[in-house]
Amino acid sequence: MRDLDKYKGVIPAFYACYDEKGEISPERVRALTEYFVDKKVRGVYVNGSSGECIYQSVEDRKVVLENVMKVRGDLTVINHIACNNTKDGMELAAHAESLKVDAIAAIPPIYFKLPEYSIAQYWNDYSSAAPNTDFIIYNIPQLAGVALSRSLYAKMRENRNVIGVKNSSMPTYDIQGFVRDGGDDYIVFNGPDEQFVSGRVIGAGAGIGGTYGAMPELFLAMNESIESGDIKRARDIQYDVNDIIEKLTSGHGNMYAMIKEVLRINEGLDIGSVRKPLVALTDADKEIAKAAAKMIVDAKKKFL
Ligand SMILES: CC(=O)N[C@H](C=O)[C@@H](O)[C@H](O)[C@H](O)CO
Ligand SMILES: CC(=O)C(=O)O
């Protein structure tokens, strides 16, 4: 049986950190990593959706990972390496293994609708470029346009590097099926932050999410409540967290820009804005960010 303990808990998705010109800022990447070390989360998920990976070059993504690894402390590091073309993704997979990340992860190929055997080949090619590194399948059908079927998951488990699925589809039934099929030797990560409690209760061993970074304490508190069996407290926190997420997504600008503004307000942490075509905040959005930041402060007072 594999020991998957290092993956169990709250794993925030890492945000892209830019300087004033919109280029990757190595200093700000290290500052965000140190922030997560201080918050005592289990790990970080680097260069995923929240890392704006599809708008980053191969070189950008290497610089991000290298700087996370410099100051990672005890954080478990999962690095999303998919590039849509196998060649660049294999380069990132090999680079990640050379830096000794805990795991690599990949979405399926997007745009062309490829048959399942092509998708399996794509993932196995990535894994073959990092043969001594755990591999996590990233299932996010609403954005990727392809869903992980249970038969494709069975096929992927023939590769012993595969340790589980980060499941960002909305039905928690999908989580239950992947847990049923993989059993204790695999782990399923809850994707939708709005369903953290539901996903964990039905069997996800951990969560990876895009809004955790704005309020890590609240996700840690939900996780602890689930582990101690206090489902009522976990649910009460989830309701307030979901009000906060609805606020974070109510602006004209992109949610990640909103979260970065919240981090400036609540934590004094400046990691820049977002990269085009993602839209930056308007003046009106800044008022929304202030309100969201206050909701986070209030929820922490209420529950912690
Ligand atoms: C579709 C999407 O991006 N899902 C993310 C990862 O699973 C979530 O963490 C969301 O960012 C979060 O649930 C906010 O909607
Ligand atoms: C979980 C998430 O938002 C990401 O892939 O970065």
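The values are calculated or read from the model by the stated rules, or taken from the named source; none is laboratory data. These numbers come from a predicted model, not from an experiment. Backbone-built Cβ (ideal geometry, glycine too); neighbour counts: all protein chains shown. In case anyone asks, the SASA skips ligands and DNA or RNA and just uses the protein heavy atoms, side chains included. Shrake-Rupley method; radii C 1.70, N 1.55, O 1.52, S 1.80 Å.
Brief remarks on what is shown
- Spin-label model, Val297 to Asp19: label points 7 Å out along the Cα-to-beta-carbon direction sit 3.2 nm apart.
- Rolling a 1.4 Å probe over the protein chains gives Leu248 an accessible area of about 0 Å².
- Gyration tensor (alpha-carbon) shape descriptor, the chain, a/c threshold 1.5: oblate
- Relative to the Cα centre, the charge distribution of the chain, modelled as +1 at Lys and Arg Cβ and -1 at Asp and Glu Cβ, gives a dipole magnitude of about 240 debye.
- Distance from segment 79-93 to segment 204-271 (C-alpha centre basis), Å: 29 Å
- For the chain, the relative contact order works out to 18 percent when only alpha carbon pairs closer than 8 Å and six or more residues apart are counted.
- Per residue, in Å², the accessible surface of segment 5-229 once ligands and nucleic acids are set aside, probe 1.4 Å: 38 Å²
- Projecting the Cα atoms of Val279, Ala144, Ser198 onto the charge dipole of the chain, computed from C-beta unit charges around the Cα centre, puts Ser198 farthest toward the positive end.
- Ser128-Lys40 FRET efficiency (beta carbon distance; Förster radius 30 Å; 0.05 resolution): 0.30
- Probe 1.4 Å, accessible area per residue of segment 236-304, Å²: 49 Å²
- Taking every DSSP beta bridge that has both ends in the chain, the antiparallel portion is near 5%.
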